[in-house]
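A quick write-up on the structure given underneath.
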Amino acid sequence: MRQTPWPWPCAISPSSTGWNSWDRGAEVLEFILGTLVEKEEGWAVIEAMGLGFKVAVPLSTYYRLPSPGEKCRLWTHLHQGDRSTSLYGFATPQERELFTILLGIPRLGPKTALAVVSHFTLGDLWKAVKKEDLERLKKVPGIGEKTAQRLLVELKGDLPRKAKVITPSPPWEATLFSALGNLGYTRKEIRKALEKSGIGPDMEEEEMIRRCLKVLGGHLG
């Protein structure tokens, strides 16, 4: 069987670890935590463990990235294609989950899946599917009439079964998970801080972060 070259210089490889038959898209990397070196629409470079990882990201993640030089965490999906291996990164596990659901649709590649994640949350996509809103789906770059119809057919019965969270979280909550995650806190720690901090949607974002950090024992400079 032809071996696909390991995409980065490192001390381990699929052959050295017994991963000769690893599945395409297997979550070899759960997340990457490091320093953001550079970012442009559609991708980011993160330095971690002395290596620079170029990660493809949806617009929804790009707009949440910190400034270069700051710590950054992205939830990752390693996709092995026929000719190349690519790393995709997301601000939240929910974004990554939607991406992997879309990759399960026949003839829908990662480029189109990433475009869908850029334009829809998991909950918003489910609403469009339930309403059979073809026009809204066709607003995504790369999706025409036939692809939109195929999305409706494939997702209508599958999305509610596969998706863990159909109702989207409030936008401010996703922002807090991203900001605090970039500081190194786990989702479990952040969730507890949200429950104990007494924050609400009427507060400024900085005040929300301050209250959560107070619970977590950190501080905002």
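The values are calculated or read from the model by the stated rules, or taken from the named source; none is laboratory data. Note that the coordinates shown come from a computational prediction; the quantities given were computed from them, not determined experimentally. Cβ: placed from backbone, ideal geometry, glycine included. Neighbour counts: every protein chain shown.
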Pairs with Cβ under 6 Å, 6+ apart, first in the stretch 38-60 and assigned by TED's automatic domain parsing to the domain that holds residue 120, second charged (D, E, K, R): none
Yes/no for residue 148 being under 27 Å from residue 31 (Cβ atoms), without any contact (Cβ under 8 Å) to a residue 24 or more places away in the chain, of a type in the set (A, V, I, L, M, F, W, C) and in a helix (DSSP H, G or I): no
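Working carefully through the options 96, 64, 73, find the one that is touching a residue at least 12 places away in the same chain (Cβ under 8 Å), part of a loop (DSSP other than H, G, I, E, B) and within 19 Å of residue 180 (Cβ to Cβ).
Details: 96 fails: part of a loop (DSSP other than H, G, I, E, B); 73 fails: part of a loop (DSSP other than H, G, I, E, B).
That would be 64, the only listed residue that is touching a residue at least 12 places away in the same chain (Cβ under 8 Å), part of a loop (DSSP other than H, G, I, E, B) and within 19 Å of residue 180 (Cβ to Cβ).
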Members of the stretch 55-91 that are crowded, with 24+ Cβ neighbours inside 10 Å and of a type in the set (S, T, N, Q): 61
Residue list for the stretch 190-209, restricted to those being among the acidic types (Asp, Glu), part of a helix (DSSP H, G or I) and either touching a Ser or Thr at 6+ places or on another chain (Cβ under 8 Å) or closer than 12 Å to residue 176 by Cα (or both): 205, 206, 207
Considering residues of the stretch 128-143 that are among the basic types (Lys, Arg) and either assigned to a loop (DSSP other than H, G, I, E, B) or within 20 Å of the chain's Cα centre (by Cα) (or both) only, the residue surrounded by the fewest Cβ atoms within 10 Å (Cβ to Cβ): 131
